[in-house]
1. Given the criterion surrounded by fewer than 14 Cβ atoms within 10 Å (Cβ to Cβ), in the same structural domain as residue 88 (by TED's automatic domain parsing), of a type in the set (Lys, Arg) and not in a helix (DSSP H, G or I), identify the matching residue among 142, 121.
2. Could you count how many residues in region 224-238 are touching a residue at least 60 places away in the same chain (Cβ under 8 Å) and either β-branched (Val, Ile, Thr) or surrounded by fewer than 21 Cβ atoms within 10 Å (Cβ to Cβ) (or both)?
3. So in region 70-84, with the set limited to residues that are more than 45 Å from the chain's Cα centre (by Cα) and surrounded by 15 or more Cβ atoms within 10 Å (Cβ to Cβ), which one is nearest to residue 137 (Cα to Cα)?
4. Taking residue 160 and the conditions (1) at pLDDT 85 or above; (2) surrounded by fewer than 16 Cβ atoms within 10 Å (Cβ to Cβ), which numbered condition does it fall short on, given that it satisfies the others?
5. Can you pull out every residue in region 163-197 that is buried (at least 16 other Cβ atoms within 10 Å of the Cβ), in a strand (DSSP E or B) and not acidic (Asp, Glu)?
6. Any residue that is closer than 14 Å to residue 236 by Cα and without any contact (Cβ under 8 Å) to a residue 24 or more places away in the chain - is there at least one of those in region 274-286?
7. In region 502-609, which strands (runs of 3 or more DSSP E) lie fully inside it and hold 1 or more residues that are of a type in the set (A, V, I, L, M, F, W, C) and surrounded by fewer than 16 Cβ atoms within 10 Å (Cβ to Cβ)?
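The values are calculated or read from the model by the stated rules, or taken from the named source; none is laboratory data. Please read all numbers here as calculations on a predicted model, not as lab measurements. In this analysis, Cβ positions are derived from the backbone assuming ideal geometry, glycine residues included, and neighbour counts consider all displayed protein chains.
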Amino acid sequence: MATDKRTCAELKAVNEHLRMRLAEAEETLLAMKGREADRFVTTGPSAWQKSENITNTEISRDRYTDLYEFAPLGYVTLNKKGVIQAINLTGARLLGTPRVALIGVPLSSHLSKKDSRKLLKHLQQSTHTNEQSVTELGIIAKGGSVVQVQLSTVASRDDEGLILYRTAITDITELKKTEESLLRLNRLYAVLSETGKAIVYSTDPDSLFLEICRVSVEYGGFLLAWIGMVDKESGVVKPVASHGKTGYLDSIRISTRNEPAGRCPTGTAIYNGSYCICNDFFSDPTTRPWHKRAQASGLKSSAAIALKLNGEVIGAFTIYAGEKDFFKWQFINLLEQMAADVSFALEGFAREAKQREAEVALRTETNERLRAVEELHDRDRLLLQQSRQVALGDMIGNIAHQWRQPLNALGLVIQELNLSYELGNFTKEHLDSAVTTAMGIIFRMSQTIDDFSNFYKPDRDKRWFKVNEVLTKTVSLIEASFQEYRITIDTFAGDDVEIKGYPNDYAQVLFNILMNARDALLERGIADPWVTVCARMEMGRSVVIVSDNAGGIEEDNLERIFDLYFTTKESGLGTGIGLFMAKIIIEKNMGGHLTVRNAGYGAEFRIEV
């Protein structure tokens with residue numbers, strides 16, 4: 001939209017500049033004529049003076065004529081009734097009529113009734129103000145084509161005192177098309193943005209699908225949005241979520257097989273595993289079975305894009321607009337981005353389901369192994385490994401949070417290059433800036449890979465390490481997931497706090513405590529959630545305190561919070577291993593103490609080594 005406003009401003013500036021130049025040329029020509037007449041009366045010109053003066057006058061006249069006739073804008077002079085008195089060649093071309101046939105003809109004859117009234121109001125406004133009056137309307141040129149123009153009018157009077165309107169006509173057809181295209185793009189950008197939010201806050205595929213359809217209609221202005229899933233046995237696409245003109249979907253049958261019901265845009269997108277655009281619903285033979293439904297709902301164009309889970313097509317997302325030729329090539333990238341985001345979310349839901357299954361299986365397996373293990377050391381080692389596996393499931397979610405934002409940012413950088421090229425704003429400096437931004441994002445993503453890879457490397461020997469370094473690394477891995485849920489995490493650690501032990505095991509202890517705090521805050525729906533971590537030295541020992549405002553732990557559970565398999569979370573959402581192993585690591589492996597109490601607004605974990 002900023003580009004459109006700048007273009008309008010530039011056109012107005014050019015129009016005003018040319019109008020001033022024309023006025024100056026007229027004044028110069030009249031002044032020269034006056035001076036020549038005075039000189040002839042007083043002295044009488046010599047032959048060479050006559051020749052020189054005539055030549056200068058002709059040159060000025062020719063320059064004025066060229067400026068008037070071949071200006072990039074149309075110029076027309078109207079009388080008080082709006083009848084054309086004079087018009088330049090550019091104006092005649094805009095009207096699609098020879099100039100000789102336009103003189104004496106009302107300009108309103110080339111306008112619709114609505115725009116004729118608009119012209120009359122425009123001229124009246126020019127009469128009552130000394131400033132330039134500007135309006136936009138559509139001129140009906142020869143052949144019936146409509147040209148969108150901007151009229152800039154200044155009222156004046158001729159030698160007899162009659163009102164004349166000097167009007168500049170600017171062709172803004174392409175500008176209007178660009179504006180319309182940008183508005184449509186903005187609608188899809190709004191849908192893409194709201195889809196991202198829906199992905200973050202949805203807890204299952206059904207709620208995500210309903211939210212995507214809702215935001216497509218309410219934020220994107222589409223008439224209908226729906227998601228259909230493929231029944232593998234019958235090949236029929238069954239609607240699972242919809243919003244808008246849902247009557248179109250009543251008793252509808254769409255198939256992915258090679259039959260008339262399968263050649264519609266939705267069926268084609270699923271069959272090809274890609275997208276299908278239909279910009280004229282009633283001219284496309286593949287949509288013939290649905291023409292009556294579409295006409296009743298006002299649907300004129302559609303776009304369908306396949307949804308995938310782990311690379312396999314499972315359904316499609318389809319949206320409908322009330323305008324023809326709505327979906328241009330720029331929209332395809334946005335639709336593909338949306339489909340990729342939705343597919344990513346579906347894979348996340350599938351991973352979470354498998355993780356819950358794995359946790360249940362893990363609990364069963366751990367119980368069986370614990371009964372078979374006789375030595376305490378073997379049991380502890382096994383539990384530590386299982387604890388890492390459970391934490392790895394949480395870490396996968398954190399990787400998704402860490403990468404989602406830079407991936408979206410990288411996609412926007414690439415899309416913005418295409419848009420800048422189409423709008424003519426593409427420069428070497430713009431390209432260099434985009435490349436620098438993209439490489440910075442990629443570099444940060446590469447660093448994230450290293451951070452996650454190093455987190456789970458086991459420590460073989462004890463060594464001295466600084467608590468603030470381990471704390472900073474741990475927080476960086478989970479910070480994105482905290483930010484997604486608007487949880488504030490503050491750390492206060494001096495550079496002098498050091499421990500001799502296992503830094504990666506210590507990091508896992510911090511990770512388990514922080515993730516438990518996050519889950520408690522979310523479960524209880526705290527309005528302004530926060531977590532604070534403080535590290536300091538007390539009498540030669542390091543002390544780290546992790547506190548939150550989740551309301552604390554029930555008194556009956558305080559003594560059991562570190563017990564194996566004890567959890568306050570809902571069934572399938574917790575294993576009861578994390579805090580048990582945290583206590584084992586701190587107290588048995590590192591010779592410290594791990595305790596918990598209720599203090600202030602919530603729980604307070606104290607790690608002393």
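1. Details: 121 fails: not in a helix (DSSP H, G or I).
After ruling out the rest, the residue left standing is 142.
2. Kept after step one, since they are touching a residue at least 60 places away in the same chain (Cβ under 8 Å), are these residues of region 224-238: 224-230, 237.
Narrowing further to those that are either β-branched (Val, Ile, Thr) or surrounded by fewer than 21 Cβ atoms within 10 Å (Cβ to Cβ) (or both): 227, 229-230, 237.
Of the residues in that region, 4 qualify.
3. First, pick out the residues of region 70-84 that are more than 45 Å from the chain's Cα centre (by Cα): 77-84.
Next cut, surrounded by 15 or more Cβ atoms within 10 Å (Cβ to Cβ) only: 77-79, 82-84.
On the way: 77: 17, 78: 17, 79: 19, 82: 15, 83: 17, 84: 17 Å.
For region 70-84, the residue satisfying everything is 82.
4. (1) is the only condition that residue 160 fails.
5. Across region 163-197, the qualifying residues are 164, 165, 166, 167, 168, 169, 170.
6. Kept after step one, since they are closer than 14 Å to residue 236 by Cα, are these residues of region 274-286: none.
No - not one qualifying residue is present in region 274-286.
7. On the way: elements: 530-538, 541-548, 593-599, 602-608.
Result: 530-538, 593-599.
Table: residues versus (1) more than 15 Å from residue 85 (Cα to Cα); (2) of a type in the set (Asp, Glu); (3) in contact with a strand residue (DSSP E or B) (Cβ under 7 Å, 6 or more places away or on another chain); (4) at pLDDT 85 or above.
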site	(1), (2), (3), (4)
98	no, no, no, yes
104	no, no, yes, yes
116	yes, no, no, yes
129	yes, no, no, no
137	yes, no, yes, yes
144	yes, no, no, no
